[in-house]
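Report on one structure; see the data block that follows.
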Amino acid sequence: GYFEQMMRQCRYSSKDLHGIELITSYVFNKVEDIRFNSTVGKYVGYTEHGVKNAETWNKGSELAQEQAQLESYCKHNAANHYSAILDKTG
């Protein structure tokens, strides 16, 4: 069989939401083929197949959709994450 996975991460470095980084990784058979990093601002391929997809996705609507995830996914949920984890005192 085949193994395919997409993993989306939001990395927060400050509470003011300016330091949020979105990373979306696409994995096939335990090898990362392609990654979107909001800091880089585009898809980067790591395999022959990933490089071809990155070239295509960076020219198409996929890039704008992925860039929008920073706002709609990461920043939208940041307040919940901060209140649930970072604002707790021990």
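Among residues of the range 33-66 being charged (D, E, K, R) and more than 25 Å from Ala78 (Cβ to Cβ), the one that is most open to solvent (accessible area, probe 1.4 Å) is Lys59.
Selection within the range 19-50: residues that are more than 11 Å from Gln5 (Cβ to Cβ) and among the acidic types (Asp, Glu). The member of this set that is modelled with the highest pLDDT is Glu48.
Scanning the range 7-31 for residues that are open to solvent by less than 30 Å² (accessible area, probe 1.4 Å), assigned to a strand (DSSP E or B), of a type in the set (A, V, I, L, M) and within 18 Å of Ala68 (Cα to Cα) returns Leu22, Ile23.
A Cβ distance below 8 Å, combined with a sequence gap of six or more or placement on separate chains, defines the contacts here; from the range 38-52, residues that are hydroxyl-bearing (Ser, Thr, Tyr) reach residues that are loosely packed, with under 13 Cβ neighbours inside 10 Å and in a strand (DSSP E or B) in the pairs Tyr46/Val31; Thr47/Val31. Taking the range 32-80, which residues are among the charged types (D, E, K, R) and in a strand (DSSP E or B)? Passing the criteria: Glu32, Asp33, Arg35, Lys42. In summary, Lys59 fulfils each of the numbered conditions (1) in contact with a strand residue (DSSP E or B) (Cβ under 9 Å, 6 or more places away or on another chain); (2) at pLDDT 95 or above with the single exception of condition (1).
The values are calculated or read from the model by the stated rules, or taken from the named source; none is laboratory data. Note that the structure is predicted; figures quoted are calculated from it, not measured. Ideal geometry is used to build each Cβ from the backbone, glycine not excepted, and the neighbour counts take in all protein chains shown. Just the protein is used for accessible areas: all its heavy atoms, side chains included, with ligands, DNA and RNA removed. Shrake-Rupley method; radii C 1.70, N 1.55, O 1.52, S 1.80 Å.
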